[in-house]
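No value in this document is a laboratory result; all are computed from the given coordinates. All figures in this text were calculated on a predicted structure; none of them were measured in a lab. In this analysis, Cβ positions are derived from the backbone assuming ideal geometry, glycine residues included, and neighbour counts consider all displayed protein chains.
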Amino acid sequence: MFTAMTFQDNHLRLIDQRHLPHQEVWVQAEHLHQIAEAIENMTVRGAPAIATAAAFALVLDAQQAKAKAWADYAADFDRNCERLHATRPTAVNLANALRSVKALAAKFAPQQTMQVTVEKLLTFAKELEHADLTTCRAIGQHGAAAQQGQKLRVMTHCNTGSLATAGYGTALGVIRALHSEGRVEHVYVDETRPYLQGSRLTAFELQAEGIPYSIQTDSAAAYLMRYEHVDFVVVGADRIAANGDTANKVGTYSLAIVAKHHGVPFYVAAPLSTFDLKTPDGEAIPIEMRSPLEVTQHAGHAVAPYGADARNPSFDVTPAELIAGIITEHGVIRPPFTESIRKLFTKMKSES
Ligand code: MRU
């Protein structure tokens, strides 16, 4: 199973996902600005993975600081958090991780040496990575348990696997768990225009594990649901609002509409760190607009008239009413989501 990154003493190694599946290129990032750029240009991508990369970026910068006391470094730290926060606005895992790191620094820095605080940041980043892996496995187990049937045909969108997380994956984690039980007959993989996370990355992960799959263009999903049997759809998420509206890779919304029309249950698989209870509904989720060139060019070749304009929203929002269940590390929650999400978070708070 591939990992998106590995942290070593003074640098973060990232697999450059822009070159997959045919070239395995690793980049070595030694400075925070390199990691911020790697997140922006999608060398590393996927909501949990970018949160982890950002946490390690903060560690690297703090390790390199000349300041002897945190107070002399605090302004740089705040600027670093802002820089990382601005890289990709939709995935809330990043914002949640930055908030936790800031709280940690605020707690320890006043009484501790710079060195101890930096060690705390490192421990936090490593724990974030470790917890993500454990979380993904739990999502996989809950997602597999929620499905009836021995020979399942499942459709997915984008890449939610070990490349997008600390390993195993969310929606792809559900597929992995089902496969380990011998219950996957076929995976339908949306190619996921324009960045092709489906055909380049998800297909790559499925192929490496011998999970049977085929790729379809995003617009072929409706045809396949009509003429081939699909048991359920499972996708990941970048931000889930308090009412269950879910932002995920562009094309998810149309896939959910198509699934509803064909009576195919549509599931979202995501950790609690992807929920944003401060955002009441999908209308309030910021949607990242990326360069038109990602649409008008492919691998550096023009696929539209020179100078053509293009709209390139990187995400869309699937309304909660199209979602059959949200698979979390604590189980599957069902509609009505405003209530089930509130209940889950209240329970988690009372247990912590
Ligand atoms: O633009 P990307 O590739 O970062 O978008 C990724 C997705 O939309 C994933 O579905 C989401 O981040 C969940 S990854 C476990």
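Take each of the peptides 310-316, 142-148, average the number of other beta-carbon atoms within 10 Å over its residues, and list them starting from the highest.
With the highest mean Cβ count within 10 Å placed first, the list reads 142-148, 310-316.
Under the definition of Cα pairs under 8 Å and six or more residues apart, what whole-number percent is the relative contact order of the chain?
Numbers: 683 pairs, mean separation 56.5, N = 352.
Result for the chain is 16 percent.
Among DSSP beta bridges lying fully in the chain, give the percent that are antiparallel, nearest 5.
Percentage antiparallel, nearest 5: 50.
How many nm separate the modelled label positions at Lys260 and Lys68, each set 7 Å beyond the Cα in the direction of the Cβ?
The two pseudo-label positions are separated by 6.3 nm.
Work out which helices of the chain, taken as complete DSSP H runs, extend at least 30 Å along their axis over the Cα atoms and score a mean Kyte-Doolittle of 0.0 or more, then list them.
Working: long enough: 114-145 (46 Å, 0.03).
Helices meeting the span and hydropathy rule in the chain are 114-145.
By count of other Cβ within 10 Å, fewest leading, how are Asp309, Asp61, Asp238 ordered?
On the way: Asp309 9, Asp61 22, Asp238 30.
By the 10 Å Cβ count, ascending, the order reads Asp309, Asp61, Asp238.
What FRET efficiency do you get for Glu82 and Glu127 if R0 is 25 Å and r is their Cβ-Cβ distance, rounded to the nearest 0.05?
Numbers: r = 23 Å, r/R0 = 0.93.
Efficiency computed from Cβ-Cβ geometry: 0.60.
Go ahead and run the numbers for FRET between Leu104 and Asp16, Cβ-Cβ distance against an R0 of 30 Å, rounding to 0.05. Please list the in-between numbers first.
Numbers: r = 30 Å, r/R0 = 0.99.
That gives a FRET efficiency of 0.50.
With both bridge residues required to lie in region 5-135, what share of the DSSP beta bridges run antiparallel, to the nearest 5%?
So the antiparallel bridges amount to about 100 percent of the total.
Roughly how far apart, in whole Å, are the Cα centres of region 249-325 and region 27-56?
Going from one Cα centre to the other spans 21 Å.
Dipole size in debye (nearest 20) for region 201-352 around its Cα centre, Lys and Arg Cβ +1, Asp and Glu Cβ -1?
Roughly 320 debye, rounded to the nearest 20.
Taking the beta-carbon count within 10 Å as an exposure proxy, list Lys151, Lys126 from fewest neighbours to most.
Working: Lys151 11, Lys126 15.
The most exposed by this proxy come first: Lys151, Lys126.
Mean shadow of the chain, computed from the convex hull of its alpha carbons, in nm²? Provide the component values of the computation, followed by the final result.
Working: hull surface 72.1 nm².
Approximately 18.0 nm², given one-decimal rounding.
Determine the gain in length on full extension of the stretch Ser219-Phe2; use 0.36 nm per residue of separation and subtract their C-alpha separation, reporting nm with one decimal.
Between Ser219 and Phe2, full extension yields 75.2 nm more.
Can you give the helix-only mean residue ellipticity at 222 nm for the chain, where every DSSP H stretch with n ≥ 4 adds -39500 (n - 2.57) and the sum goes over all residues, rounded to the nearest 500 deg cm²/dmol?
Computed ellipticity for the chain at 222 nm equals -13000 deg cm²/dmol.
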